[in-house]
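To start, the structure itself, in structure tokens.
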Amino acid sequence: KAGVTQTPRYLIKTRGQQVTLSCSPISGHRSVSWYQQTPGQGLQFLFEYFSETQRNKGNFPGRFSGRQFSNSRSEMNVSTLELGDSALYLCASSNSGAPQETQYFGPGTRLLVL
Amino acid sequence: QKEVEQNSGPLSVPEGAIASLNCTYSDRVSQSFFWYRQYSGKSPELIMSIYSNGDKEDGRFTAQLNKASQYVSLLIRDSQPSDSATYLCAVNVNSGGYQKVTFGIGTKLQVIP
């Protein structure tokens, strides 16, 4: 099975712009979670989607949003970018998102905001 | 208090020694516990999962869980330079029947040849 894929792998944006990141889960996986990773804060949970519905959300401002399509692919959008949004954005997929399930991570999208 | 706490390290151990990585968590109802390894510039990959009190062994890795003390650890026996990475403790809380995973900051392990 192919693993989780994320596009693009690298992005450079300027403050005030918006960005859309894409994640394709492992075939058959219906749960997709998004995380932000920075050196100071570590991995922080953004949100989780299942069957095109957001089920859980972390403590991020409304500038961070996401969606999931019928084929389980997911996108996240960050509007009005700030310097502090520079981070590695990881998505992870699992079968159903049950608490005991393993999540499989994609390679990440590294975002640099100038 | 952070939900999942780890010492960021670095933890340095000589090759062949036992590396002991520790993690505490704050939510008593946490159900699932995971250890991920993350090499520099790469994404996290699962090493071990543990759900019940006690020890779980897989090759050179042993995970230990003590729910009463809200403590989970990872032991790496016969440490190798290839084990040098950041180890992330993750705790999965049942949030409305679905998972919400909280990660620790990660402990950087350095195995010295």
For a label point 7 Å along the Cα-to-beta-carbon line of B:ARG77, residues of segment B:24-62 with backbone N under 13 Å: B:56-62
Residue order, fewest to most beta carbons within 10 Å, for B:LEU74, B:LEU46: B:LEU46, B:LEU74
Whole-Hz couplings from phi, Karplus 6.51/-1.76/1.60, listed for segment B:25-34; x for Gly and Pro: 9, 9, 8, 5, 8, 4, 10, 10, 9, 9
Integer Hz, Karplus 6.51/-1.76/1.60 couplings in order for segment B:71-81, x for Gly and Pro: 9, 9, 9, 10, 10, 10, 8, 6, 4, 10, x
Net length gained if the chain between A:LEU114 and A:GLN17 were fully extended (0.36 nm per residue, minus Cα distance): 33.9 nm
Lone cysteines, the protein assembly as shown (no partner Cβ under 4.7 Å): none
Tensor-based shape of chain A (alpha-carbon gyration tensor, a/c under 1.5 rounded, otherwise prolate or oblate): prolate
Chain B: relative contact order in percent, alpha carbon pairs under 8 Å with at least 6 residues between: 38
Estimated translational D of chain B in µm²/s (Stokes, Kirkwood radius over Cα pairs; 10 °C; 1.306 mPa s): 112
Within segment B:4-65: Cβ-based charge dipole about Cα centre, in debye rounded to nearest 20 (Lys, Arg +1; Asp, Glu -1): 100
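FYI, it's all coordinate maths here, none of it is from the lab. Quick caveat, the model's predicted, so the values are computed rather than measured. We place every Cβ from the backbone using ideal geometry, glycine too, and count neighbours over all the protein chains shown.
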